[in-house]
Amino acid sequence: MSDIESMRLDKWLWCARFYKTRSLAVEEIGKGRVTVNKANAKASREVRVGDTIQLRQGNIPREVVVRGLSGMRGPAPVAQQLYEETSQSLALRAELAEQRRLAPEPSDALAAQHTGRPTKRDRREMDRLRKDPGNSGWGDRWSASIDD
C-alpha cells in the first residue's frame, strides 16, 4: 500500500485480485456488475479509501469497503489488505454456500435414470424386443405407413 489518493476502478479490482486481468475487470464493469457507492461506474472511475464497491464474482455477490490503494498487483495476502468485506456480504456468501451444499447434485438425477453403457444382457434384450413382431405391433417396419 502506498500514499496514492485515488486510482482507476478497473486497476484497483485487478490489484485487489477480484479479477485475473484488467480487461476482465473492465468487461464486468461494462456489464453493470460492479457499482461504487451504489451507483453504476465506469472502468475509469476513481476510487478512494472508504468507497463501498459491490461486485459479482461469477454467481457470488460481494460488497467490500476500500481500505487501501496499491499501484501494483501483489501477492494475495497483500491484496486482501486493500479491502474489507462487509458483514452483510459475508453472511450472504455463507448462506449461498450452504444452499449450494444442500442443493441436490444434478448428475444424481441422471445417474438414477441410466446406469451407464448397456451390458451384454441388456443389448441382447433390446435386440430380442426389436425382432419380436408380436411385441410392439410394428414388427420390423421402420416407417409409420399404413398397410392396405
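The values are calculated or read from the model by the stated rules, or taken from the named source; none is laboratory data. Treat the numbers as computed from the prediction; the structure is a model and nothing was measured. Every residue, glycine among them, receives a Cβ derived from its backbone with ideal geometry; neighbour counts consider all protein chains shown. The area values use the complete protein model at the heavy-atom level, side chains included, leaving out ligands, DNA and RNA. Shrake-Rupley method; radii C 1.70, N 1.55, O 1.52, S 1.80 Å.
Taking segment 44-59 as the range and being aliphatic (A, V, I, L, M), open to solvent by less than 50 Å² (accessible area, probe 1.4 Å) and more than 22 Å from the chain's Cα centre (by Cα) as the test, only 47 passes.
I'd like the residue in segment 65-78 that is in contact with a helix residue (DSSP H, G or I) (Cβ under 8 Å, 6 or more places away or on another chain) and closer than 17 Å to residue 20 by Cβ and, out of all such residues, is surrounded by the fewest Cβ atoms within 10 Å (Cβ to Cβ). Across segment 65-78, the extreme among qualifying residues is 72.
Going by the conditions given, is residue 62 open to solvent by less than 50 Å² (accessible area, probe 1.4 Å) and among the basic types (Lys, Arg)? So residue 62 passes the test.
Cβ-Cβ contacts under 9 Å between residues 6 or more apart (or on different chains), taken from a first residue in segment 105-130 that is surrounded by 10 or more Cβ atoms within 10 Å (Cβ to Cβ) to a second residue that is at pLDDT below 85 and in a helix (DSSP H, G or I), are listed as 128/135; 129/135; 129/136; 130/136.
Taking segment 24-43 as the range and being without any contact (Cβ under 8 Å) to a residue 12 or more places away in the chain and loosely packed, with under 12 Cβ neighbours inside 10 Å as the test, the residues that pass are 31, 32, 39, 40.
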